[in-house]
Amino acid sequence: MNNKPTILLVEDDPFLSSVLRLKLEKESFKVIRAADGEEALNFLTEQGIRPSLILLDLILPKKNGFEVLETIRQDPLLEKLPVIIISNLGQPSDIERGKALGVIDYFIKARLSIGELVNRVKTEVLDKD
């Protein structure tokens, strides 16, 4: 069965992304990892990948998460993709900006529970299908 929901994980921290990938794959998700914002947009625009959900870090090389989010929201083919932010940026202004750009949730890495994040992804993706 190859129709696993796909998660695009946009995270430049190799440790966090490998932990998240393992946990998500264990829950039967297919995980595609982008290490920077440019690579993430390349997957979405050039390669036409349509993930069930995007997990997006904000502090990224090349293009930051807000730039990625703004680009996604301006593209009619991508604008409705659900996005959850995982970031070290925990200022109310950052959270507000994320919400204004339509993210469905915002996790701050310092307080991140991997289990909680995986459950949130499962709720969002599996309850929609």
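Give me the number: length gained by fully extending Asn3 to Arg50, i.e. 0.36 nm times residue separation minus the C-alpha to C-alpha distance, one decimal in nm.
Going from the current span to full extension adds 15.7 nm.
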Within straight-line cross-link reach of Lys23, aspartates and glutamates at Cα separation under 13 Å, skipping those fewer than 8 residues along the same chain: Glu116
Dipole check, the chain, charges on Cβ (K,R +1; D,E -1), about Cα centroid: among Tyr106, Val83, Val121 the Cα furthest to the positive pole belongs to Val121
If r is the Cβ-Cβ distance from Glu25 to Ser93 and R0 is 35 Å, what FRET efficiency results, to the nearest 0.05? 0.55
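Per residue, how large is the accessible surface of the stretch 1-45? Use a 1.4 angstrom probe and give square angstrom.
On a per-residue basis, the stretch 1-45 sits at 53 Å².
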Sort out for me the Cα centre separation of the stretch 67-103 from the stretch 10-35, rounded to whole Å. 19
At 222 nm, what value in deg cm²/dmol follows for the chain if DSSP H runs of at least 4 each add -39500 (n - 2.57) and the sum is divided by all its residues, to the nearest 500? -12500 deg cm²/dmol
How would the stretch 61-129 be classified by its alpha-carbon gyration tensor: rounded, prolate or oblate, with rounded meaning a/c under 1.5 and the a/b versus b/c comparison settling the rest? oblate
Excluding ligands, DNA and RNA, the carbon-plus-sulfur percentage of the accessible area of the stretch 37-129 with a 1.4 Å probe reads 48
With only Lys, Arg, Asp and Glu charged, each at its Cβ (+1 for the first two, -1 for the last two), find how big the charge dipole of the chain is about the Cα centre; round to the nearest 20 debye. 380
Treat each spin label as a single point 7 Å out from the Cα along the C-beta direction, and report the Arg73 to Asn119 distance in nm. 2.9
List the aspartates and glutamates whose Cα lies under 13 Å from the Cα of Lys99, skipping any in the same chain that are fewer than 8 positions away. Glu70
How large is the Kirkwood hydrodynamic radius of the stretch 1-108, in angstrom, based on all distinct alpha carbon pairs? 13.8
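The values are calculated or read from the model by the stated rules, or taken from the named source; none is laboratory data. All values reported here derive from a predicted model rather than from experimental measurement. With ideal geometry, Cβ positions are generated from the backbone for all residues, glycine too; neighbour counts draw on all protein chains shown. Accessible surface is based on the protein model in full, side chains and every heavy atom, while ligands, DNA and RNA are left aside. Shrake-Rupley method; radii C 1.70, N 1.55, O 1.52, S 1.80 Å.
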